[in-house]
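Notes for the one structure printed next.
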Amino acid sequence: MDTLTAKDFDGDRLTRPGDWAVCFGADWCRFCMGFRRNHFAKLEGNAPFSVAWGDVTEMENPLWSKFNLDVVPVLIAFRNGAPVWRKDGVAGVGLVEKDVVALKEAFR
């Protein structure tokens with residue numbers, strides 16, 4: 001799975017064409033790592049869109065402000081660079097399998 005950094009974005013636009021699902025998360029967040037391992041990583045190669053990890057482990061990462069991240073993980077769907085759908089995790093819970101279902105629906 002690709003790991004994206006701030007250089008992969010121009011403001012809030014992804015610099016890659018096509019359909020992408022990006023999960024923004026941090027290594028120190030157990031909810032992020034659990035969601036990545038148990039749900040998000042399973043999409044790679046099994047969905048009609050590409051998936052990537054937006055690494056915001058460092059609090060100084062400009063992606064925190066570019067995407068108004070207050071909590072992680074956060075899922076954002078991009079179509080030809082533009083964000084078209086978003087689901088923020090819930091503090092103390094994160095994201096769950098039903099959020100992956102909603103993500104898939106966003107690309108229909």
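The values are calculated or read from the model by the stated rules, or taken from the named source; none is laboratory data. Values in this document were obtained by computation on a predicted structure and should not be read as measured data. Don't worry about glycine lacking a Cβ; one is built from the backbone with ideal geometry, like all the others, and counts go over all protein chains shown.
Worth pointing out:
- Strands (runs of 3 or more DSSP E) wholly inside the stretch 6-104 containing at least 1 residues that are aromatic (Phe, Trp, Tyr) and either on the phi > 0 side of the Ramachandran plot or touching a Phe, Trp or Tyr at 6+ places or on another chain (Cβ under 6 Å) (or both): 19-25, 74-79
- Cβ-Cβ under 7 Å pairs, at least 6 apart or on other chains, the stretch 32-61 side farther than 15 Å from Pro73 by Cβ, far side surrounded by fewer than 17 Cβ atoms within 10 Å (Cβ to Cβ) and of a type in the set (Phe, Trp, Tyr): Pro48/Phe107; Phe49/Phe107
- Some residue of the stretch 6-24 being under 19 Å from Gly92 (Cβ atoms), within 13 Å of the chain's Cα centre (by Cα) and at pLDDT 95 or above: yes
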